[in-house]
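The values are calculated or read from the model by the stated rules, or taken from the named source; none is laboratory data. Being a predicted model, the structure only gives us computed values, none of them experimental. Here Cβ is always computed from backbone atoms with ideal geometry, including for glycine, and neighbour counts include all displayed protein chains. Heads up: the accessible areas ignore ligands, DNA and RNA and are worked out on the full protein's heavy atoms, side chains in. Shrake-Rupley method; radii C 1.70, N 1.55, O 1.52, S 1.80 Å.
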Amino acid sequence: MGFILDRGYFSKDNIRYMEENKYASIIMVKDKRELVSSLVEKNLNTFETDRDYSIRSYRVYGKTVISKLYEDDTKNRSFHIYFNPSKQAAKRELLGLTLDKMKLYLDKHIGKEIPLSKVYHDYFDLYYDKKGHLISYEENKDFIQRKLRLCGYFCIITSEKMTAAETLIQYKGRDVSEKLFSADKSFIDSKSMRVQTTEALSVKVFIEFIALIVRNRIYNLLKETMLGLETKSNCN
C-alpha cells in the first residue's frame, strides 16, 4: 500500500511515518520551498527542450534526479522535476499583474505609515523616513528575476525508483480517483441506498467500492494504451 499526497501533506514527520511503516509514497512539493528551487536551478536548461524528456500526454517535460530530502536523510530519493511551457507563460503573466497591483498600492500610501506584509519586502526595497513613513520604493530585481526563472516548474518526490512519466501518470490518477468518488452517486446510484439493515448497507458500500476500483483500473489501462497510439487531437 502507498500514498499519493498533495502539497499540504509534505513534512518530515509524515515522510518518516511512512518510512517506518514501509509505505510507498508519491508527494507533490510546493514550488516555494528552497529545496525545490535549488534543484530546479541546478537543472535549468538541461531538459526543457529535449524531446527525450517529453511527456506527451500532459504536454510537459520531466527529468528525474537522485538526491537526499534533508541533511540527516538515510536514503536517496527520486526527485522528478517538470517543466510546463504553458504554465510558465501563465505564471509569468500573473506575477506581472501582481507586481503592478502592489505598486499601485504602494503609490497610494507614499508619505504614510503603513504596515506591509513580508511579500512586499521580498519583491521591493522599501525606504522610510525617520517617522516610519514610506517615502519611496524600487523593485528587488534579483528576487523577481529568480521568481520568473522558476515559473512553470514543479516537483514530485517518490520513495520508490520511478521515471518522471510514470510518476506524473500515477499522481494525476489521484484526480481520477477523486472524480470517481464524486461520480459515485450517478455511476452506481449511490445517492439512494434503498436498504433496511446495517449489514445490507455495509455490503452495498463494499460492492460499490470494488466497482470503483475496477472502473478506475480500466480507465488507466485505456489511457496507457492511448499514449502508445498515434492519434490526432479531437478538436477544431
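A compact table of results
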quantity: Residue with peak Gaussian network fluctuation, the chain [Cα springs, cutoff 10 Å], from 84, 21, 220; calculated: 21
quantity: Estimated FRET transfer efficiency when R0 is 35 angstrom, pair residue 200-residue 226 (beta carbons, to 0.05); calculated: 0.35
quantity: Pairs beyond 21 Å (Cα-Cα), from 63/118; 30/118; 91/141; 63/87; calculated: 63/118
quantity: Added length on full extension, which subtracts the Cα-Cα distance from 0.36 nm per residue, residue 170 to residue 99; calculated: 22.0 nm
quantity: Helix-derived mean residue ellipticity, 222 nm - over the chain, DSSP H n ≥ 4, -39500 (n - 2.57), to 500; calculated: -15000 deg cm²/dmol
quantity: Charge dipole (debye, nearest 20) of region 32-88; +1 at Cβ of Lys and Arg, -1 at Cβ of Asp and Glu; calculated: 280
quantity: Separation of alpha-carbon centers, region 89-110 and region 11-31, rounded to whole Å; calculated: 36
quantity: Cβ charges +1 (Lys, Arg) and -1 (Asp, Glu), total dipole of region 1-156, debye; calculated: 340
quantity: Sequence of 17, 58, 127 from largest to smallest accessible area, 1.4 Å probe; calculated: 17, 127, 58
quantity: Exposure ranking of 80, 121, 109 by accessible area [1.4 Å probe, largest first]; calculated: 121, 109, 80
quantity: Selection from 201, 55, 106, by position along the positive dipole direction of the chain (Cβ); calculated: 201
quantity: Pairwise label distance in nanometres, residue 13 with residue 107, each label 7 Å out on the Cα-Cβ vector; calculated: 4.6
quantity: Overall dimensions of the chain by Cα: Rg and Dmax, Å; calculated: 23.7, 76
